[in-house]
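**Q** Here it is, the structure in full.
The values are calculated or read from the model by the stated rules, or taken from the named source; none is laboratory data. A quick note: this is a predicted structure, and the numbers were derived from the prediction, not measured. Every residue, glycine among them, receives a Cβ derived from its backbone with ideal geometry; neighbour counts consider all protein chains shown.
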């Protein structure tokens, strides 16, 4: 900074050749005496050392020399006054820089130091340089501290000591030397002071590195300009960008102390460019685990391939993106890539499609549909040379050659290029897909991905997609999922909020509104707690779709404390290579408790819990539906449970540990209960009492066991004589096995409380 340049300040006093009337023999104030015509002063036009100069004879104790010109002064301005002098004859005086400090009222600022250090002249003809720095601040190197009151100065010098000496004085020089104090005055170091050019062509990398090294805790200032950096740069000190950077796509900028979107936006001239470079750096910085989006909006014109951007494919350290908004703009870059191909599937080689002629056209991460393909099956990897793809799940339809469709949705943040990505988190971020894009695709493998306190707003096809094992220990917490299909009838919706292929997910306190399906979960060990997912529409007596789908038979999961609204829970085995029960687990391992089930204006055939076996022989083993509230508004339904027999039914004779108890039913014609307590009244004497609990038993199951039998009042014969005998029980009676017979030794009548179970308890 030089204020003579930047602010146009006139600092230089007039040369002596301009006239001695411009130089005062007092303090330089208007009306004081000048050196013009004084017998002890003369202008020497040609001195061998100085050229033109002033020759002055010392005639007073303090011989003053001041310019009449008022030199401007202000806080933050540091002036260096320089005089070169030499003794010619007579007594040898001392010389010091001096000045008169004036305030805005024209008075003298007495507290300002108005004389500098003295220098003694010791030899005739020797040129001696006398200097002093005048400034407002009490800083090292300032000889005359003036403070903030002065606004002007009349500068020159004093001769002190014995009188009679003759000296010659070169023109006095006054310079702005504020830049000497930059490193002290300001808490920044400018890259230009270390050689940066900022023309967008010259490689300024070394200058940036030098400025960062010199900063030592101060801020590195990138002043206006466009700076080309040829390779990666880490700035360890705080940094402020007034100029912008140009870097190769593979070069990384790591701002250790300012790792936020605001900084990167300033550095690269826009939110999108800044976000990409910051996201790239997130995988390389060891000092920063989170990228703060600074509460800003970043507009995306196409998918971000995070692995390609970062240049890594395996990463397992915790990283977090938080606090901002990502917005998808309308663009053809979001268009779904659809490929149709003929392929062969073999149950002997589960999880692969082979013999694909146009394999190179099939993208990684494409969703597969076709004969025998379950929901949310994706291309997890490809082998182009072998013409095969590895699927995220086996197919349930058996061996054969079929035509398959591969749809590659486009995601705002696409992590599928990572072979492994673990411990990555997104929190407090809204992803506004706008019906143009899907939101997040996970890596091929990894664990502990977390999405928290975020909003996925109107994804076109998918909210969060897993194509492999990266959903292991997936955490979705306190998020809001807003559908792009809200105006469509429920049955016409195709969107899915999330899917899971692996184990141990924690899905908690989320809200989903009018998607096709909330979650499709394979794997086991899931915790599904405190969510509200709504699948309703505005159609009178309309149909509904599954909100939550478990695709592995034995899920080892709990669904607790949720608001399950106008959709249902489906248990399926559609990701099973051999869907018939041979030597594997059957449906079960699921606890559904403490939930609120509601439906509005639905058809009578609507059900909240549906089992859809894709193969024969399956039953239930370990299913608890307890303490839930089932409520229908504006219509009634027949019951809450059913088996979808499109492919197969259930083996009711093998039910184990099935509990339907403590539930409440409103506008449900038939409650599902097991064990169910039936109050049977036998009004006419009979040796066989037929107790019918079939309507209550869930999923159309059989009366497998009677675990309680109590008689209310006497059991009497035709003569009204009390009979003290006890019947034996026959279970699974009648055509559907839903009846229980109490067999007596003779005909009797009475009332019995009979507890019937649809299962064997162990």
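**Q** Quick test of your reading of the structure: residue 349 fulfils all but one of (1) at pLDDT 95 or above; (2) over 12 Å from residue 409 (Cβ atoms); (3) surrounded by 14 or more Cβ atoms within 10 Å (Cβ to Cβ). Name the failing condition by number.
**A** (1)
**Q** Where in the range 528-617 are there strands (runs of 3 or more DSSP E), lying wholly inside it, with at least 1 residues that are within 30 Å of residue 351 (Cα to Cα) and in contact with a strand residue (DSSP E or B) (Cβ under 7 Å, 6 or more places away or on another chain)?
**A** Working: elements: 532-534, 546-550, 554-560, 563-565, 568-572, 587-593, 596-600, 609-612.
Hits in the range 528-617: 546-550, 554-560, 568-572, 587-593, 609-612.
**Q** Just need a number here: residues in the range 721-752 that are assigned to a loop (DSSP other than H, G, I, E, B), crowded, with 17+ Cβ neighbours inside 10 Å and within 60 Å of the chain's Cα centre (by Cα).
**A** Going through the range 721-752 one residue at a time, the tally reaches 2.
**Q** Of the conditions (1) touching a residue at least 60 places away in the same chain (Cβ under 8 Å); (2) surrounded by 17 or more Cβ atoms within 10 Å (Cβ to Cβ); (3) more than 42 Å from the chain's Cα centre (by Cα), residue 625 fails just one. Which one is it?
**A** (3)
**Q** Give the residues of the range 385-412 that are touching a helix residue (DSSP H, G or I) at 6+ places or on another chain (Cβ under 6 Å) and within 30 Å of residue 480 (Cα to Cα), sorted by residue number. Show your work before the answer.
**A** Let us first name the residues in the range 385-412 that are touching a helix residue (DSSP H, G or I) at 6+ places or on another chain (Cβ under 6 Å), namely 387, 410.
The answer is 410, and nothing else.
**Q** Can you tell which of 725, 715, 729 is touching a strand residue (DSSP E or B) at 6+ places or on another chain (Cβ under 7 Å) and under 30 Å from residue 660 (Cα atoms)?
**A** Working: 725 fails: under 30 Å from residue 660 (Cα atoms); 715 fails: under 30 Å from residue 660 (Cα atoms).
Answer to the check: 729.
**Q** Got at least one residue in the range 170-185 being buried (at least 20 other Cβ atoms within 10 Å of the Cβ), part of a loop (DSSP other than H, G, I, E, B) and assigned by TED's automatic domain parsing to the domain that holds residue 51?
**A** Yes, some residue in the range 170-185 is buried (at least 20 other Cβ atoms within 10 Å of the Cβ), part of a loop (DSSP other than H, G, I, E, B) and assigned by TED's automatic domain parsing to the domain that holds residue 51.
**Q** Residue by residue through the range 638-681, note down the ones that are in a loop (DSSP other than H, G, I, E, B) and touching a helix residue (DSSP H, G or I) at 6+ places or on another chain (Cβ under 6 Å). Show your work before the answer.
**A** First pass over the range 638-681, keeping only residues in a loop (DSSP other than H, G, I, E, B): 638-640, 644-651, 655, 662-663, 667, 669-673, 675.
Passing the criteria: only 672.
**Q** Using the structure shown, decide if residue 206 is assigned to a helix (DSSP H, G or I), surrounded by fewer than 16 Cβ atoms within 10 Å (Cβ to Cβ) and out of contact with any strand residue (DSSP E or B) (no Cβ under 8 Å at 6 or more places or on another chain). Full working, then the answer.
**A** Values: assigned to a helix (DSSP H, G or I): yes; surrounded by fewer than 16 Cβ atoms within 10 Å (Cβ to Cβ): yes; out of contact with any strand residue (DSSP E or B) (no Cβ under 8 Å at 6 or more places or on another chain): yes.
So residue 206 fits the description; yes.
**Q** Does residue 217 fit the bill of being surrounded by fewer than 21 Cβ atoms within 10 Å (Cβ to Cβ), without any contact (Cβ under 8 Å) to a residue 24 or more places away in the chain and outside any helix (DSSP H, G or I)? I'd like the intermediate steps shown before the answer.
**A** Numbers: surrounded by fewer than 21 Cβ atoms within 10 Å (Cβ to Cβ): yes; without any contact (Cβ under 8 Å) to a residue 24 or more places away in the chain: yes; outside any helix (DSSP H, G or I): yes.
Spelling it out, residue 217 is indeed surrounded by fewer than 21 Cβ atoms within 10 Å (Cβ to Cβ), without any contact (Cβ under 8 Å) to a residue 24 or more places away in the chain and outside any helix (DSSP H, G or I).
**Q** For residue 57, all conditions in the list (1) touching a residue at least 60 places away in the same chain (Cβ under 8 Å); (2) closer than 28 Å to residue 135 by Cα hold save one; what is the number of the exception?
**A** If we test residue 57 against (1) touching a residue at least 60 places away in the same chain (Cβ under 8 Å); (2) closer than 28 Å to residue 135 by Cα, just (2) comes out false.
**Q** Next up: Would you confirm whether any residue within the range 333-356 is more than 30 Å from residue 288 (Cα to Cα) and free of Cβ contacts under 8 Å to residues at least 12 places away in the same chain?
**A** Of the residues in the range 333-356, the ones more than 30 Å from residue 288 (Cα to Cα) are 333-356.
Pick out the ones that are also free of Cβ contacts under 8 Å to residues at least 12 places away in the same chain and you get 349.
Scanning the range 333-356, I find at least one residue that is more than 30 Å from residue 288 (Cα to Cα) and free of Cβ contacts under 8 Å to residues at least 12 places away in the same chain, so the answer is yes.
**Q** Follow-up question, since we're still on this one. Report whether or not residue 718 is surrounded by 13 or more Cβ atoms within 10 Å (Cβ to Cβ) and assigned to a loop (DSSP other than H, G, I, E, B). Break it down into steps so the answer makes sense when it comes.
**A** Values: surrounded by 13 or more Cβ atoms within 10 Å (Cβ to Cβ): no; assigned to a loop (DSSP other than H, G, I, E, B): yes.
So residue 718 fails the test.
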